[in-house]
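*Asks:* Quick one: structure below, then a few questions.
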Amino acid sequence: MDKTVHYSEDDKKVYYINRYLKLKQKIRELRILALTGITEAGSGHPGASFSAAEIMGSLYFQIMNVDLSNPSLSNRDYFVNSKAHSAPGYYATLCLAGSFPKEEMLTLRKLNSRLQGHPVRYSEHQKHHSVPGIEYSGGSEGIGLSVSIGLCLANRLDKYNNTVYCLLGDGETNEGQVWEASMAAAKFRLDNLVAILDRNKIQQDGFTEDIMPIDPIKEKWRSFNWDVVEINGHKIEQLIPELLNRPEDKPKIIIANTVKGNGIKHMANNPQWHGKAPSKKHLPLLIEELEGDYMISPSIIAGPSGIGEKSLIQKIEMAEKYGADMIHLDVMDGKFVPNTTFSFDMIKKLRGITKLPFDAHLMIEDPNSSLDSFIDAGCDIITIHSEVCNSEKDFENMNSRLLSNGISPGLAINPSTNLPEWIYSHLDNLDVLIIMSVNPGFAGQKFIPEVLPKMKELIPRLREKGYKGYIEADGGIDQSTIVDCYEAGCRVFVMGNAIFGSEDVDKRISEAKFKVDSYLEQTLLDRSQNLNIRDDWIKARKTILDRYGIKGV
Ligand code: DX5
Ligand code: ZN
């Protein structure tokens with residue numbers, strides 16, 4: 001099995017995420033591609049494309065059994081995009097999944113293009129009308145669930161063991177037909193149907209609860225005899241287990257709480273951006289914002305409460321509650337570093353309490369001999385130190401074991417270590433590079449300032465050579481150092497003492513995010529000047545600039 005193990009809190013079933021960081025990166029690319037098409041067209045629906053980006057990306061890049069070079073394969077999984085106006089995001093997803101070349105995104109909504117405002121079902125005989133993978137012609141809302149039921153019944157007759165995934169918009173469920181279909185799906189006990197409600201709370205030009213309230217939406221579906229779960233639709237670690245897990249004897253709906261326009265601050269949760277294209281002149285700034293996305297990975301060895309199991313659990317729970325993106329697990333063996341923490345057995349115990357990705361940093365002399373146990377413990381990311389790779393072969397061997405188990409592989413370098421030259425032939429297989437900003441061994445040390453010029457020299461060189469993965473800063477990251485590392489190109493921040501050194505975990509995490517977000521906001525404003533669109537940009541970003549106290553004039 002080539003995937004990472006995950007355990008749910010409730011039933012301890014095993015789930016899978018394949019290369020978590022790579023998937024994140026691909027979904028970011030999806031948003032950029034969709035926006036590129038929309039700005040070129042001068043029209044389209046960015047809001048819905050962005051609220052559903054993680055849903056569509058998880059399905060096509062990871063979950064569904066589809067082959068876009070042979071799209072009519074029997075027994076394939078189906079995706080019915082009932083809220084068809086999310087077309088730009090849908091096309092971008094199909095494109096990155098191999099349906100058609102990237103350049104074609106620039107034909108979005110143009111005359112004679114296959115990428116029209118609403119998708120058209122693909123057929124072998126009419127290849128010029130549509131692109132491989134589209135199963136359903138959408139446009140009128142409210143119909144996709146009925147079509148999905150037909151597909152499910154046909155698949156059942158054919159004795160296929162496949163799934164039909166149907167994406168519904170929340171505004172769309174104003175349509176009576178959705179509820180008729182809902183009754184029918186329950187009557188036929190369609191356990192091969194998974195609907196996903198993109199619950200972004202906005203339809204057309206206003207908020208769903210003002211236009212036509214649909215809450216309590218969970219209870220409604222439940223009363224129609226569906227299996228109902230509710231998750232954060234932007235968290236792939238929550239989406240993937242629910243997309244994979246099918247109940248017996250019932251259709252399932254995932255209420256995916258999302259933010260319309262998620263990814264671009266001035267579009268987020270703003271009905272104005274339901275169906276409006278941003279100006280093409282803004283595109284470079286919007287891409288910069290999407291590429292500026294970052295993650296906080298709290299190191300749970302830090303803080304006065306120590307590293308007993310109870311304390312580690314408490315720290316994980318707090319980190320999750322207050323918006324951490326991952327959990328950083330510092331494994332120390334007392335040999336590679338002068339300190340011992342915990343090993344794979346503790347990680348295995350902790351795995352069940354959260355779905356947040358586990359970012360394991362192995363500061364051990366001999367990772368080779370215990371790698372399988374760390375894989376088995378449920379880590380999503382495993383980083384080994386370059387100092388213990390005796391040769392490129394050594395690295396290759398461990399790297400390929402991680403990859404074949406669906407783990408995101410990482411490499412770490414100490415402050416005084418140079419990046420080994422051989423890594424440049426493995427950049428596609430490296431999901432994260434940790435640049436240590438303290439000598440590893442203990443939380444709570446001071447950031448070594450000489451690491452900054454090293455980051456500034458190394459990161460652009462890696463990008464030049466085509467490295468697309470993450471750079472993670474680890475050691476002494478706090479309010480005063482995080483922005484410098486962000487500016488240098490780091491996008492994952494390990495924070496130990498700065499988060500758990502005080503009681504106020506909530507405040508510490510949000511203050512760090514505020515620092516980075518305001519830096520990015522200021523940078524975008526400065527760039528708008530160079531692009532000669534400053535006034536226009538200020539107009540678009542007014543409320544965001546105010547939020548960070550940045551004066552536009
Ligand atoms: C250092 C570890 C770090 C460290 C982070 O050996 O790899 O992850 O614990 O803690 P702070 O942020 O306190 O330096
Ligand atoms: Zn670490």
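The values are calculated or read from the model by the stated rules, or taken from the named source; none is laboratory data. Predicted model only: the values in this text are computed from it and were never measured. Note that we place each Cβ from the backbone using ideal geometry, even for glycine, and neighbour counts take in every protein chain shown. Each accessible area value is taken on the protein alone, full model and side chains, heavy atoms only, with ligands, DNA and RNA left out. Shrake-Rupley method; radii C 1.70, N 1.55, O 1.52, S 1.80 Å.
*Asks:* Just to check I understand the Karplus step: with θ = phi - 60° and J = 6.51 cos²θ - 1.76 cosθ + 1.60, what whole-Hz values come out for segment 315-327, glycine and proline as x?
*Replies:* Whole-Hz 3J(HN,Hα) from phi for segment 315-327: 5, 4, 4, 5, 4, 5, 4, 9, x, 5, 9, 8, 10.
*Asks:* Something else now. Let me make sure I get this right: for segment 57-191, a, b and c are the square roots of the gyration tensor eigenvalues over alpha carbons, sorted descending. Under 1.5 in a/c it's rounded, otherwise prolate if a/b > b/c, else oblate. Which is it? Show your work: numbers first, answer last.
*Replies:* Details: a/c = 2.05, a/b = 1.36, b/c = 1.50.
Oblate, since a/c reaches 1.5 and b/c is not below a/b.
*Asks:* Go from 0 up to the bin containing the longest alpha carbon distance in segment 140-283, width 10 Å each, and give me the % of pairs per bin.
*Replies:* Reading upward from the zero bin: 11, 39, 32, 14, 3, 0.
*Asks:* Going by a 4.7 Å Cβ-Cβ cut-off, which cysteines of the chain have no partner at all?
*Replies:* Cys95, Cys152, Cys166, Cys379, Cys389 - these cysteines have no disulfide-compatible partner (Cβ-Cβ under 4.7 Å) in the chain.
*Asks:* For segment 290-508, with the dipole built from +1 on Lys and Arg beta-carbon atoms and -1 on Asp and Glu ones, taken about the Cα centre, which of Ala360, Ile459, Ser370 lies farthest toward the positive end?
*Replies:* Highest projection toward the positive end goes to Ala360.
*Asks:* Quick check: Cα centre of segment 41-56 to Cα centre of segment 380-400, how many Å?
*Replies:* After rounding, the separation between the Cα centres reads 38 Å.
*Asks:* Here's a follow-up. Order 318-324, 50-56, 28-34 from most to least packed using the mean count of other Cβ atoms within 10 Å. Show your work: numbers first, answer last.
*Replies:* On the way: 318-324: 17.7, 50-56: 27.4, 28-34: 22.9.
For the peptides 318-324, 50-56, 28-34, the packing ranking is 50-56, 28-34, 318-324.
*Asks:* Here's something else I'd like to know. Regarding segment 130-197, what is the average projected area of its C-alpha convex hull, in nm²? Before the final figure, lay out the partial values.
*Replies:* On the way: hull surface 19.5 nm².
Mean shadow area of the hull around the Cα atoms is 4.9 nm².
*Asks:* Also, I was wondering about something else. Hey, got the dipole for the chain? About the Cα centre, +1 on K and R Cβ, -1 on D and E Cβ, debye to the nearest 20?
*Replies:* Numbers: 64 positive and 74 negative charges, 252 e Å.
Roughly 1220 debye, rounded to the nearest 20.
*Asks:* Shape verdict for segment 413-553, please, from the Cα gyration tensor: rounded (a/c under 1.5), prolate (a/b greater than b/c) or oblate. Walk me through the numbers on the way to the answer.
*Replies:* On the way: a/c = 2.60, a/b = 1.32, b/c = 1.98.
In terms of gyration-tensor shape, oblate.
*Asks:* Suppose every Lys and Arg Cβ carries +1 and every Asp and Glu Cβ carries -1, with no other charges. What dipole size does segment 290-508 come out with about its Cα centre, to the nearest 20 debye?
*Replies:* Numbers: 20 positive and 33 negative charges, 48 e Å.
Once rounded to the nearest 20, the dipole reads 220 debye.
*Asks:* Another one. Heads up, I need the accessible area for Cys389: 1.4 angstrom probe, whole protein in place, Å², nearest 10.
*Replies:* Looks like 10 Å² after rounding.
*Asks:* If you don't mind, there's one more thing I want to ask. Let me know the Rg and Dmax you get for segment 290-508 when you use only its Cα atoms, in Å.
*Replies:* In Å, with Rg to one decimal and Dmax whole: 16.0, 45.
*Asks:* Averaged per residue, what accessible surface does segment 374-484 expose to a 1.4 Å probe, in Å²? Working shown, then result.
*Replies:* Details: 4230 Å² over 111 residues.
Value for segment 374-484: 38 Å² per residue.
*Asks:* Could you sort Trp537, Trp179, Trp273 by accessible area so the largest value comes first, with the probe set to 1.4 Å?
*Replies:* Ranking Trp537, Trp179, Trp273 by accessible area, largest first, yields Trp179, Trp273, Trp537.
*Asks:* Another one. With point charges of +1 on the Cβ of Lys and Arg and -1 on the Cβ of Asp and Glu, referenced to the Cα centre of the chain, which listed residue (Ser425, Phe493, His129) lies farthest in the positive direction of the dipole?
*Replies:* The Cα lying farthest towards the positive end belongs to His129.
*Asks:* How large is log10 of I(q)/I(0) for the chain at q = 0.05, 0.11, 0.12, 0.13 Å⁻¹ when the intensity is taken from the Debye formula with one equal scatterer per alpha-carbon?
*Replies:* -0.21, -1.04, -1.23, -1.40
*Asks:* What ranking do 431-444, 285-298 get when scored by the average of other Cβ atoms within 10 Å per residue, highest first? Write out the running numbers ahead of the final one.
*Replies:* On the way: 431-444: 22.0, 285-298: 19.6.
Order by mean packing, descending: 431-444, 285-298.
*Asks:* Can I ask one more? For the pairs Lys102/Lys265; Lys456/Lys513; Lys102/Lys551; Lys315/Lys348, note any where the Cα-Cα span goes beyond 27 Å.
*Replies:* Values: Lys102/Lys265 25 Å; Lys456/Lys513 21 Å; Lys102/Lys551 38 Å; Lys315/Lys348 16 Å.
Violating the 27 Å Cα-Cα cut-off are Lys102/Lys551.
*Asks:* Hey, what do the phi angles of segment 31-37 turn into as Karplus ³J(HN,Hα) couplings, whole Hz, using 6.51/-1.76/1.60 and θ = phi - 60°, x for Gly and Pro?
*Replies:* Ordered by residue, 3J(HN,Hα) equals 4, 5, 5, 4, 5, 4, x Hz.
*Asks:* Collect residues whose amide H, placed 1.01 Å from N in the peptide plane, falls under 5 Å from the amide H of Ile434; neighbours closer than 5 in sequence don't count.
*Replies:* Sorted by chain and number, the residues that satisfy this are Leu411, Ala412, Ile413, Glu472.
*Asks:* For segment 20-273, state the semi-axes of the equivalent ellipsoid (square roots of 5 times the eigenvalues of the alpha-carbon gyration tensor), sorted largest first and rounded to whole angstrom. Write down the numbers at each step before the final one.
*Replies:* Details: eigenvalues 129, 98, 56 Å².
In descending order, the three semi-axes are 25, 22, 17 Å.
*Asks:* Using the structure shown, list the pairs from Lys110/Lys539; Lys110/Lys280; Lys83/Lys201 with a Cα-Cα distance above 19 Å, or answer none.
*Replies:* Numbers: Lys110/Lys539 29 Å; Lys110/Lys280 16 Å; Lys83/Lys201 14 Å.
Violating the 19 Å Cα-Cα cut-off are Lys110/Lys539.
*Asks:* Could you tell me whether segment 334-463 comes out rounded, prolate or oblate from its Cα gyration tensor? Rule is a ≥ b ≥ c as square roots of the eigenvalues, rounded for a/c under 1.5, then prolate if a/b exceeds b/c, otherwise oblate. Don't skip to the end; give the middle numbers.
*Replies:* Values: a/c = 1.63, a/b = 1.24, b/c = 1.32.
Verdict is oblate for segment 334-463.
*Asks:* Rounded to the nearest 20 Debye, what is the dipole magnitude of segment 390-515 about its Cα centre when Lys and Arg each give +1 and Asp and Glu each give -1 at the C-beta? Mind dumping the intermediate values first?
*Replies:* Numbers: 14 positive and 18 negative charges, 37 e Å.
Roughly 180 debye for segment 390-515.
*Asks:* With both bridge residues required to lie in the chain, what share of the DSSP beta bridges run antiparallel, to the nearest 5%? Walk me through the numbers before you get to the answer.
*Replies:* On the way: 7 of 60 bridges.
Among the beta bridges of the chain, antiparallel pairing accounts for roughly 10 percent.
*Asks:* Would you mind computing, in nm to one decimal, how far apart the modelled labels at Asn418 and Asp504 are, each placed 7 Å from Cα along Cα→Cβ?
*Replies:* 4.4 nm
*Asks:* Follow-up question, since we're still on this one. Using a 1.4 Å probe and counting only protein heavy atoms, arrange His125, His385 so the residue with the most accessible area comes first. Display every interim value, and only then the final one.
*Replies:* On the way: His125 165, His385 0 Å².
Final ranking, largest accessible area leading: His125, His385.
*Asks:* Read phi for every residue in segment 122-127 and hand back ³J(HN,Hα) as whole Hz from Karplus 6.51 cos²θ - 1.76 cosθ + 1.60, θ = phi - 60°, with x for Gly and Pro.
*Replies:* 7, 9, 3, 7, 10, 4
*Asks:* Averaging sequence separations of C-alpha pairs under 8 Å and six or more residues apart, then dividing by the length of segment 378-458, give the relative contact order as a whole percent. Let's see the in-between values first.
*Replies:* Values: 91 pairs, mean separation 23.0, N = 81.
Reported relative contact order: 28 percent.
*Asks:* Which value in deg cm²/dmol, rounded to the nearest 500, describes the helix-derived mean residue ellipticity at 222 nm for the chain, given -39,500 (n - 2.57) per DSSP H run of n ≥ 4 and division by the residue count? Working shown, then result.
*Replies:* Values: 19 runs with 208 residues, N = 553.
Mean residue ellipticity at 222 nm (helix-derived): -11500 deg cm²/dmol.
*Asks:* Return the whole-Å distance between the Cα centroid of segment 259-296 and the Cα centroid of segment 418-452.
*Replies:* If we compute the Cα centre of each part, the gap is 31 Å.
*Asks:* Check cross-link reach from Lys321 to the aspartates and glutamates: straight Cα distance under 16 Å, and skip same-chain residues fewer than eight apart.
*Replies:* Glu9, Glu237, Glu503, Asp504, Asp506, Glu511
*Asks:* Taking H as built 1.01 Å from N, whose amide H comes closer than 5 Å to the amide H of Leu168, not counting residues under 5 places away?
*Replies:* Placed amide hydrogens put Ile196, Leu197, Asp198 under 5 Å from Leu168.
*Asks:* In whole angstrom, note down how far apart the Cα centers of segment 151-188 and segment 461-493 are.
*Replies:* Cα centroid of segment 151-188 versus Cα centroid of segment 461-493: 45 Å apart.
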